[in-house]
Structures are given as structure tokens and as C-alpha cells.
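What follows is one structure encoded as C-alpha cells, with my remarks underneath.
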Amino acid sequence: MNLSVPTADALRAALSGLLDGLPPKQAAQAVDRLIANYRGDTPTDAPVLRDRSDVAAYAAYRMPATFEAVRSALAGLADALPDWAPASHVDVGGGTGAATWAVDATWEGPRETTVLDWAEPALALGRELAGASGSDVLRGAVWRKAVIGSGSALPEADLVTVSYVLGELTEEGREAVVAEAAARAGTVVVIEPGTPDGYLRIRAARDRLIAAGLRIAAPCPHDGTCPIAVGEDWCHFSARVSRSSLHRRIKGGTLAYEDEKFSYVAATRLPAAPAAARITRRPQIRKGLVLLDLCGPESEGLTRATVTKRHGALYKAARDAEWGDSWPPEDAD
């Protein structure tokens, strides 16, 4: 059962009073520094969130977008494992817990949840927000300080998420995190920003997960070599984020929404049914036809499909299809 709408509403409500009492200038400075870290390509190998003002600004600025990106990635995993739900979840580098909220939006509990992060202020605020969630799973989560990327053992879990973390680590730290996740979890989901560098980190994580014996569940239709030529393009997707008044204020925006670009890989030891093909760009709707850019079986690679009115129900499905969807839909004859 997908619970994403009420969970998203609960997250917005929990965030609503977060910046009360924080001077606007201080919040703006924290956001500017966080943007620089988020978009940068130099690993810090240290917590990005230093104090309560950093954490509050981060949660207001990034948490809604991270939640939607992770939720979208988990939807791809859930499609490949339709009869499965994790009974335990470990969120590595989880910060204020956006990924735990996304897991709660995707699968019903009960579920044991552990959030690991190296920033005590982030863990404290994450625990506070979870307490206001109304979810038994989130309220019961364990928030634990840990040095991310040190190679220390993770708790065993059905699901491990690593979201927006690898860019903060050295290459050795990234390898350690992915290797430990693969060793301790039945299913691993890694999410990074939808930039060329973020895609390269996902591509490397994908290779490591396959080498560790996991099979790709999403978004790729196969476990073979990625057909994208490095330096020419990158695999990424988009999630629509509704902006609350707080979100618009902290980001200085006027639109009621934004689109969060992200790259991800989901791998599992369970029997999975990956998509036959994945829509890799926003569908182009023309008069009487729809153009779909697809990543298909390893033997086909990247292709473009032209779906016209002559295809009947498939044409209607193509007009309704979205970037990141599997193709063809099961219910289109």
C-alpha cells in the first residue's frame, strides 16, 4: 500500500515551525553554504551539518526534495518486488531522516528502523521530527551516531538506503559504505544527485553491488554494462516536489513546485522482476504520436520508440507515461 500522500503532508507539517526564532540572515547563510556543499565535487569526509541552525536550514531546504527523490527510487524497487516489504531498514548517513520517511511512505509497518549519521544535531532534529510524524515506525526509530565510510559494521537489515551521502566521502569511504551495505542487507538502494558526477558515483556503486552478488532491481532492466558512454550523457530521473510556504521562503522561490533530479540504483538478493525497459527522458508528445527514449535489454541498449494512435491502448498509456516509468505498462495490450 502506498502511503506517500499522507506521509508527505505529515512531513510538511513537521517542518512548518522549524525556522521559528532563527534569524533570516543566519538561515540564508546556512542555506548558501549547504548549496555549495551539495553541488560541489570535493568530498568533505566530515559532517556537512555542524549545528542546530545548519540542521534546521538543511531540513527546510533539502528534506522535501530528498524525500520525493528517495520515494521515487523506492517506487521503482517496489514495482520489481511487488509482494515484498522490508521488516527492517537501516539508513546510512540518514541525517534528519528523509529516507526513513520515504520508506514509511512506500511500505506499511511494522518495521525496525535505524538511522546512522555522524552529526549529532542532525540525529537530534530527525528524532524530533519523527516524534511529530504520527507514524509508529518513525517514532520508534533508533538514531545512532556513526562514522560514515569508516568500514564499521552496519546492523543487518532487509533494506539499507544510502541517500545523498557518497558525494561527501572519499573514494575509499564510498567503497567501504557500498561493500558493507551489500554484505549486511538483502536489498540496497543508493541515491545521489542527478548530475554527471552523481551518476558516476551511482554507476560505480552499481558495479560494486553486482560484484557482491546482488541483482539489479531498478532502474536498469539488466545487470549488464550500462550502455551510456561516460562523458556523453548520464542516467537520471526527476521527482516533482510541492513547495510549502516555508520551502518557498527558505529557497527564495515563487513557484508552488520544483523538480528534483536524482540518480539511483536498487539491488537485491531476492527474486526480482526488473522493468522490460525504462523511460530515460521526459516523453515527447507530438500530434498523433509519442516519442519514448528507452533503456532496454542488454542486447538492445538505448532505443527510441515511436508510439502512434494505431497502437490503441498503448498510445494512451504512452501519453500518460512519465520519465522514469517502466515500459510497456502491464495493463496496456
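The values are calculated or read from the model by the stated rules, or taken from the named source; none is laboratory data. Since we're looking at a predicted model, the values are computed, not measured. All Cβ positions, even for glycine, are placed from backbone atoms using ideal geometry, and neighbour counts span all protein chains on display.
Would you confirm, using the coordinates I've provided, whether A229 is within 23 Å of D325 (Cβ to Cβ) and in the same structural domain as S263 (by TED's automatic domain parsing)? No; evaluated as a whole, the condition is false for this residue. Looking across the range 281-321, the residues that are in contact (Cβ under 8 Å) with a residue 24 or more places away in the chain and out of contact with any strand residue (DSSP E or B) (no Cβ under 7 Å at 6 or more places or on another chain) come down to R282, I285, P297, E298, G301. Scanning the range 160-173 for residues that are outside any helix (DSSP H, G or I) and either over 27 Å from D104 (Cβ atoms) or free of Cβ contacts under 8 Å to residues at least 24 places away in the same chain (or both) yields a total of 1. Just one of the listed residues (R50, R111) is at pLDDT below 90 and assigned by TED's automatic domain parsing to the domain that holds A181, namely R50. In the range 174-199, the residues that are farther than 16 Å from R215 by Cβ form Cβ pairs under 6 Å with partners that are of a type in the set (S, T, Y), at six or more places apart or across chains, as follows: I191/S163; I191/Y264; E192/S263; G194/S263; G198/S263; Y199/S263.
For the range 59-86, the candidate set comprises residues that are of a type in the set (F, W, Y) and farther than 13 Å from A99 by Cβ; within that set, the residue that is nearest to the chain's Cα centre (by Cα) is Y61.
Beta carbons closer than 9 Å, at least 6 apart along the sequence or on distinct chains, pair a first residue in the range 132-147 that is of a type in the set (S, T, N, Q) with a second that is outside any helix (DSSP H, G or I) for S135/L3; S135/G109. When you scan the range 147-163, how many residues do you find that are modelled with pLDDT under 95 and either over 21 Å from the mean Cα position of the chain (by Cα) or not small (G, A, S) (or both)? Matching residues across the range 147-163 total 8.
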